[in-house]
There are 4 protein chains.
Amino acid sequence: MNGHQRVWDDEGSAARLLALSDGVFAIAMTLLALDITLPAELDSDGFKRALRDVMPNLWAYALSFLVIAAFWRGHHQMFRYVREVDGTVIRLGLLSLGLVALMPFPTTLLAEYGDLPQSVAVYSGAVAAMGATQLALTVVLWKRPWLGSATLPDPVARNDVADLAWTVLIFAVAVPLAFVSPTGAKLWWAVLIPVKAVTGKRGKRLRAAAQRVGA
Amino acid sequence: MNGHQRVWDDEGSAARLLALSDGVFAIAMTLLALDITLPAELDSDGFKRALRDVMPNLWAYALSFLVIAAFWRGHHQMFRYVREVDGTVIRLGLLSLGLVALMPFPTTLLAEYGDLPQSVAVYSGAVAAMGATQLALTVVLWKRPWLGSATLPDPVARNDVADLAWTVLIFAVAVPLAFVSPTGAKLWWAVLIPVKAVTGKRGKRLRAAAQRVGA
Amino acid sequence: MNGHQRVWDDEGSAARLLALSDGVFAIAMTLLALDITLPAELDSDGFKRALRDVMPNLWAYALSFLVIAAFWRGHHQMFRYVREVDGTVIRLGLLSLGLVALMPFPTTLLAEYGDLPQSVAVYSGAVAAMGATQLALTVVLWKRPWLGSATLPDPVARNDVADLAWTVLIFAVAVPLAFVSPTGAKLWWAVLIPVKAVTGKRGKRLRAAAQRVGA
Amino acid sequence: MNGHQRVWDDEGSAARLLALSDGVFAIAMTLLALDITLPAELDSDGFKRALRDVMPNLWAYALSFLVIAAFWRGHHQMFRYVREVDGTVIRLGLLSLGLVALMPFPTTLLAEYGDLPQSVAVYSGAVAAMGATQLALTVVLWKRPWLGSATLPDPVARNDVADLAWTVLIFAVAVPLAFVSPTGAKLWWAVLIPVKAVTGKRGKRLRAAAQRVGA
């Protein structure tokens, strides 16, 4: 029982929270692309110009899809052994879905007004907030092993927490940075790439070790 | 059998009704956010103004997300032990989904015309109607224990009914109140907060007691 | 084996076709409501007029929601005992989803141009086409009992076929009728109400009888 | 074990990746139809003209629905025996969903500007890219039999690979072809029909043989 005291607040199987989550992730992913559109009835030149103008939307879509997909993958790993949910998990889970559902808005901001500080700040803030709720969820699930069918090994959990804490930190720092330089803040996001590479590789090694022991 | 007479009207497992419901809840939650958008090609000043103008939409989104999430959580608890559905449950379930799917409309009304009595009345009426169908569903599921894998203890069911009855009552009263004072009706909604705190705490205690007995 | 010859064309479990179907039904149901919207920044009088103008959209939403919900319920009953699907079932199932996904278009036509013959004809044709694919699916599933975990009793299947055949017939007749009188065609739809009442009651009786035997 | 070396990179059950995939497929299918719409408040003549003008959108919807439905069916067959997923499968699966979610854009291009080379090239490129990710996914799943509950027979896998390779090849060739002749490129797509007929028939025969042996 990992030394934690069980609270009797079980609200049943995790299946429906996961179904709702997969639904919101799937819809947010697909709605991101709705913004990639061309006005009707242009002439040939206007069409070519509009096709060029749609490129930033395509980039913003790719970026936001990557962000949401990464959060979904984290969500998938986090809930891997979870069988039941309680009130706290449901409340945090719903809060995080509310932020995922919001992502099309900062994505459009970034696509249409990507050179303005406010857009970059709003986008960074949205990702930091999503990361913070997933971080809280990870800690809650780790500290309540009675909700799961198996105990998440502490080194794996600690690595997941580090991964999300870095995500939150980097995007939170990008919020004020955006007002100094929007382009600088966007370049700063790239700091996450080497961080993710390290935590990702370590997580893979730790999970494999845990599974070979468990098998 | 709780003294109720079984009707042979079983239409099979609850799984697909729940899948459809989670789908509609997920989509309604995500579509709420579609309204949070900025016109393209504004200059820097127009952008800042539009960003300020979008704030009521963000508040309306947060409120409606909270409402739909609360109804989803109630739906999740209500169907926790339900294994089969009959014609009445399917019909009531679909009616309640029809009202959930409608929520983006009153949400937009509230965001764009929140100071007009009609908007507040329509919003209140929509929430009261959603509450009423969930109330009917709760009673039907409680009175048909043969649909479930376990019997919902009467005190838990009675508390759930009280919780939903208060929701319906408060939002139904807000409909005429909105025509007296739209702001007054919106403040009146807040009466639900202490009510929910009481029924929520009582529900948690009753559920925990029932589970400790059952375990 | 009901006298039918088994074709070895099994493509695996029905679970994913049902998940896709519930997804499309849920999204089509929710998108129907997207049309119920008001332009922003109206004055008080314009707002009241716009609220009145939105009423036909609300009616069209209610009607189409009812139609899609009825088809979903039929789909749910049809696939109740189905465990596996083959190429024919997948192809018919996808075709029927393509028609369900299309429903927002005839619904908007009906809401905006409900007094024009073309709108009523397109709406009637869409419902008739949906009914026809569900009819084909019902017959195919009935004639391939090896796909299911239980055999659908012939009287139940025959009643389901009759129910769908009446739906197709009534809406198909409404297509040419719409060009004589759009209002007449809409009134003609109501002929389905007593038909559905009879087949619905008979279906309930036949299913209950089959279950009491099976239990 | 088919001679392949197992990598310990398991990320748990395939169920949630499939739920997310079915969600994205369902939403992309349904959003395709959002483009089929008429402006409000036209007079009778304008309405008839608009109804005629909407026909290309209807054709583009039918084509894209067919394409997405075919990819879904391939996805369903590919994951039929898969029980677990690893990092590579998740990453490829998400990439392919990102392309499925994008389909409404090339579909609108084709509907509105179907006679311009860029539209046909973008559409062909999108389908080729979707095919390429599904091809990669098929190969990865085939070469990692430890992820599944049963081994896909090599002749079946080889036929699936051939089917997808032809799809990629035909649509990739259509990209440069579109700049020579948009209409020619669209006719060239039809080359896929006899190819699909052959691989489809062969696949059906091979699967049936494998099942009769397994049964």
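The values are calculated or read from the model by the stated rules, or taken from the named source; none is laboratory data. Here the structure is a predicted model, which is why all the values come from computation and not from measurement. Cβ: placed from backbone, ideal geometry, glycine included. Neighbour counts: every protein chain shown.
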Quiz item: If you check B:Thr107 against the conditions, is it more than 10 Å from every other protein chain (Cβ to nearest Cβ) and surrounded by 22 or more Cβ atoms within 10 Å (Cβ to Cβ)?
Solution: yes
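Can you tell me which residue within segment A:72-106, out of those that are of a type in the set (Ser, Thr, Tyr) and at pLDDT below 95, is farthest from B:Ile36 (Cα to Cα)? Explain how you work it out, then say what you get.
Start the filter on segment A:72-106 by keeping residues that are of a type in the set (Ser, Thr, Tyr), which leaves A:81, A:88, A:96.
After this cut, where a residue has to be at pLDDT below 95 as well, the list is A:81, A:88.
On the way: A:Tyr81: 36, A:Thr88: 28 Å.
Ranking the qualifying residues of segment A:72-106, first place goes to A:Tyr81.
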Self-check item: Subset of segment B:27-80 that is within 14 Å of chain C (Cβ to nearest Cβ) and not in a helix (DSSP H, G or I) - its residue that is nearest to B:Asn159 (Cα to Cα)
Solution: B:Ile36
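State all residues of segment D:7-24 that are out of contact with any Asp or Glu (no Cβ under 8 Å at 6 or more places or on another chain), buried (at least 20 other Cβ atoms within 10 Å of the Cβ) and facing another protein chain (nearest Cβ under 7 Å); if no residue qualifies, say none.
Keep residues of segment D:7-24 that are out of contact with any Asp or Glu (no Cβ under 8 Å at 6 or more places or on another chain), which gives D:8, D:15, D:17-18, D:21-22, D:24.
Cutting the leftovers down to buried (at least 20 other Cβ atoms within 10 Å of the Cβ) gives us D:17-18, D:21-22, D:24.
D:Leu18, D:Asp22, D:Val24 - these are the residues of segment D:7-24 that are out of contact with any Asp or Glu (no Cβ under 8 Å at 6 or more places or on another chain), buried (at least 20 other Cβ atoms within 10 Å of the Cβ) and facing another protein chain (nearest Cβ under 7 Å).
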Practice problem: Answer with yes or no whether B:Leu102 is within 25 Å of C:Val54 (Cβ to Cβ) and among the hydrophobic types (A, V, I, L, M, F, W, C). | Solution: yes
Quiz item: What is the one condition in (1) part of a strand (DSSP E or B); (2) under 19 Å from the mean Cα position of the chain (by Cα) that C:Ser96 does not satisfy?
Solution: (1)
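Run down A:Gly148, A:Gly125 and say which single residue is surrounded by fewer than 18 Cβ atoms within 10 Å (Cβ to Cβ) and under 22 Å from B:Ile36 (Cα atoms).
Working: A:Gly148 fails: under 22 Å from B:Ile36 (Cα atoms).
Checking each option against the conditions leaves just A:Gly125.
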Quiz item: Which one is farthest from the other protein chains (Cβ to nearest Cβ) among residues in segment D:87-101 that are surrounded by 21 or more Cβ atoms within 10 Å (Cβ to Cβ) and touching a strand residue (DSSP E or B) at 6+ places or on another chain (Cβ under 9 Å)?
Solution: D:Val89
Quiz item: So which residues in segment D:25-42 are β-branched (Val, Ile, Thr) and buried (at least 24 other Cβ atoms within 10 Å of the Cβ), if there are any at all?
Solution: D:Ile27, D:Thr30
Practice problem: Pull up segment D:8-31, narrow it to residues that are closer than 29 Å to D:Arg73 by Cβ and modelled with pLDDT under 90, then point me to the one that is nearest to the chain's Cα centre (by Cα). | Solution: D:Ser13
Quiz prompt | From A:Gln118, A:Gln134, residue being away from every other protein chain (no Cβ under 11 Å), out of contact with any strand residue (DSSP E or B) (no Cβ under 8 Å at 6 or more places or on another chain) and either part of a helix (DSSP H, G or I) or surrounded by 18 or more Cβ atoms within 10 Å (Cβ to Cβ) (or both) | solution = A:Gln134
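For every residue, the table says whether it meets (1) free of Cβ contacts under 8 Å to residues at least 24 places away in the same chain; (2) surrounded by fewer than 17 Cβ atoms within 10 Å (Cβ to Cβ); (3) among the β-branched types (Val, Ile, Thr); (4) in a loop (DSSP other than H, G, I, E, B).
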position: A:Arg158; (1), (2), (3), (4): yes, yes, no, no
position: A:Leu164; (1), (2), (3), (4): no, no, no, no
position: A:Ile170; (1), (2), (3), (4): no, no, yes, no
position: A:Ala174; (1), (2), (3), (4): no, no, no, no
position: A:Phe179; (1), (2), (3), (4): no, yes, no, no
position: A:Ala197; (1), (2), (3), (4): yes, yes, no, no
position: A:Lys201; (1), (2), (3), (4): yes, yes, no, no
position: A:Arg212; (1), (2), (3), (4): yes, yes, no, no
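Suppose the filter is more than 22 Å from C:Gly23 (Cβ to Cβ) and β-branched (Val, Ile, Thr); does B:Thr37 pass it? Steps first, please.
On the way: more than 22 Å from C:Gly23 (Cβ to Cβ): yes; β-branched (Val, Ile, Thr): yes.
Yes: the conditions hold for B:Thr37.
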Exercise. Determine which single condition A:Glu112 fails, assuming it passes every other condition in (1) away from chain B (no Cβ under 12 Å); (2) in a helix (DSSP H, G or I); (3) touching a residue at least 24 places away in the same chain (Cβ under 8 Å).
Key: (1)
